[in-house]
Amino acid sequence: MGLDEELVEKAIDLLRMKSPESVNITEIYSYLRKNHQFTERQLQIHKQVAGQEEPHWMHDLRNLLVNKKSKGLLVNPKSKHWSLPRDIESEENLDLLFDASIKNASRIKTSGKRIFDHRNGGEIEIVSYTIENIEIMRCNDGRIYQISKKLFKEKINHMILCGGYVDFGVLHRWSAIESGIIAICSKLSIKDGKIKFTH
């Protein structure tokens, strides 16, 4: 059975009313409780492998929101907050930006420099790179991460749609990948404790 698109459409109605402000997920839940007729299944408790038990509709709604985010129709500008994407003044060529980022990754690797993990401390090094992927390693435990072209473009695009100025954790929830992207992308910088994208 497919997810009830009406859930996310009503959530988007609320986001339109609140735009350009972001809305906490608890406020979205509250709005839906008052404005949506739930099915019996949606009201049943969803048991997760780990984490809280909640009605199916809450779990379904979050999946629907994430799906809209992946299509660039919604943004998640900070933890547990949702909003409509910002209007973009100029189009960014993300393919060219990734190509430039591979060149930066090559320079960092060749120089032997390490990348600072902005959220967790420690260091990251670039292991390898191709035209489609950059592999990085967290130095303290040897854990390997991939920054694929697809992931890079999706994350940078989301950041642009958020307005280009976001908290740590918005670019990527894993700090090693987030710090890796910041290091290789020349259009990203850190300003006032946030990540900034410069067109």
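The range 63-116 has equivalent-ellipsoid semi-axes of 31, 16, 10 Å, by the square roots of 5 times the alpha carbon gyration tensor eigenvalues, sorted largest first. For the range 1-91, the Cα-based Rg and Dmax, in that order, read 13.7, 46 Å. Taking amide H atoms as placed 1.01 Å from N in the peptide plane, the amide H of C185 has no partner under 5 Å among residues 5 or more positions away or on other chains. Along the range 16-23 the Karplus relation, 6.51 cos²θ - 1.76 cosθ + 1.60 evaluated at θ = phi - 60°, assigns HN-Hα couplings of 5, 5, 8, 4, x, 5, 8, 10 Hz to successive residues, with x for each Gly and Pro.
Which listed residue (H56, N104, Q146) has the Cα farthest towards the positive end of the charge dipole for the chain, taking +1 on Lys and Arg C-beta and -1 on Asp and Glu C-beta about the Cα centre? So the residue we want is N104.
How large is the Rg to Rh ratio of the chain when both quantities use alpha carbon positions and Rh follows Kirkwood? Write out the running numbers ahead of the final one.
On the way: Rg = 19.1 Å, Rh = 18.5 Å.
Rg divided by Rh gives 1.03.
Relative to the Cα centre, the charge distribution of the range 12-96, modelled as +1 at Lys and Arg Cβ and -1 at Asp and Glu Cβ, gives a dipole magnitude of about 360 debye.
Normalised Debye scattering of the range 94-197 at q = 0.17, 0.23 Å⁻¹ gives log10 I(q)/I(0) of -0.70, -1.32, counting only Cα atoms as equal scatterers and leaving out solvent.
Around the Cα centre of the chain, unit charges on the Cβ atoms of Lys, Arg, Asp and Glu (plus for the first two, minus for the last two) sum to a dipole of about 480 debye. Rounded to the nearest 10 degrees, the inclination of helix 56-70 to the longest alpha-carbon principal axis of the chain is 40 degrees. Sequentially through the range 182-189, phi angles give Karplus couplings (6.51, -1.76, 1.60; θ = phi - 60°) of 4, 5, 8, 9, 5, 8, 9, 8 Hz, Gly and Pro residues having no value and appearing as x. All other residues with a Cβ under 10 Å from the Cβ of I131 taken together, and with Lys, Arg as +1 and Asp, Glu as -1, what is their net charge? Local charge sum for I131: -1. Over the chain, dividing the summed -39,500 (n - 2.57) contributions of all DSSP H runs of at least 4 residues by the number of residues returns a 222 nm mean residue ellipticity of -13500 deg cm²/dmol.
Across the range 103-119, computed HN-Hα scalar couplings (Karplus, 6.51 cos²θ - 1.76 cosθ + 1.60, θ = phi - 60°) run 4, 5, 4, 4, 4, 5, 5, 4, 6, x, 6, 10, 9, 7, 7, 5, 9 Hz from first to last residue, x flagging Gly and Pro. Bridging of K153 to aspartates and glutamates at a Cα separation below 14 Å is possible for E91, E92, D95, D99, E132, E178, once same-chain residues fewer than 8 apart are set aside.
Only the coordinates and a few stated rules stand behind these numbers; no lab work does. Note that the structure is a prediction, hence the values are computed from the model and not measured. Ideal geometry is used to build each Cβ from the backbone, glycine not excepted, and the neighbour counts take in all protein chains shown.
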